[in-house]
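The structure appears below as structure tokens.
The values are calculated or read from the model by the stated rules, or taken from the named source; none is laboratory data. On a predicted model such as this, the values are computed, not experimentally measured, just so you know. Ideal geometry is used to build each Cβ from the backbone, glycine not excepted, and the neighbour counts take in all protein chains shown.
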């Protein structure tokens, strides 16, 4: 009887803890992920990163357009730039973040997100987030030469393949047509 009374008393004293505390490995809640996004200022960081990437690719895009369309005018290039700017300005970052919540929930537990929130709320975490756009811009600049070399190498291989294919087609005899039977 004493054991039953003690068990009942413990259940009555701690029911909220038993029901509210999720297991340590439970997936992060939507609210927890949203708090992480807020602490990291993901909306602003995403927009800054996208603007930085847009600036980085603007010159490359212009050169690619000039190569593909040699007759393109400065006015047409300006229209392309405006279309690109408008697309970026209207990019649905909030909707994209909504789409990302389930992905974060799939891969992160409540304890993971709690630790991340604590880090990004710290002075070091805040500094990292403040510096991240500049870090990304400089990282893109640093890797740009390597990326351009890689793309140039790929284009040379494609050009060689296409020339070989063209030579092969020119040197092989044309397929003969079957003789007509009367």
Total residues in the range 86-110, condition assigned to a loop (DSSP other than H, G, I, E, B) and closer than 27 Å to residue 55 by Cβ: 3
Residues of the range 103-130 satisfying the condition of being within 16 Å of the chain's Cα centre (by Cα) and either touching a residue at least 12 places away in the same chain (Cβ under 8 Å) or surrounded by 13 or more Cβ atoms within 10 Å (Cβ to Cβ) (or both): 104
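Has the range 143-161 got at least one residue that is out of contact with any strand residue (DSSP E or B) (no Cβ under 7 Å at 6 or more places or on another chain), under 30 Å from residue 39 (Cβ atoms) and either at pLDDT 90 or above or surrounded by fewer than 14 Cβ atoms within 10 Å (Cβ to Cβ) (or both)? Walk me through it before giving the result.
Pass one, the range 143-161, residues out of contact with any strand residue (DSSP E or B) (no Cβ under 7 Å at 6 or more places or on another chain): 143-161.
Subset that is under 30 Å from residue 39 (Cβ atoms): 143.
Subsequent filtering for residues that are either at pLDDT 90 or above or surrounded by fewer than 14 Cβ atoms within 10 Å (Cβ to Cβ) (or both) retains 143.
Scanning the range 143-161, I find at least one residue that is out of contact with any strand residue (DSSP E or B) (no Cβ under 7 Å at 6 or more places or on another chain), under 30 Å from residue 39 (Cβ atoms) and either at pLDDT 90 or above or surrounded by fewer than 14 Cβ atoms within 10 Å (Cβ to Cβ) (or both), so the answer is yes.
Pick from the range 86-95 the residues that are out of contact with any helix residue (DSSP H, G or I) (no Cβ under 8 Å at 6 or more places or on another chain) and farther than 19 Å from residue 38 by Cβ: which of them is modelled with the highest pLDDT?
Keep residues of the range 86-95 that are out of contact with any helix residue (DSSP H, G or I) (no Cβ under 8 Å at 6 or more places or on another chain), which gives 86-87, 89-90, 92, 95.
Okay, now just the ones that are also farther than 19 Å from residue 38 by Cβ, so 86-87, 89-90.
Numbers: 86: 82, 87: 78, 89: 77, 90: 77.
That would be 86.
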Elements of type helices (runs of 4 or more DSSP H) in the range 1-61, at least 1 residues being at pLDDT below 75 and more than 27 Å from residue 116 (Cβ to Cβ): 2-13, 15-20
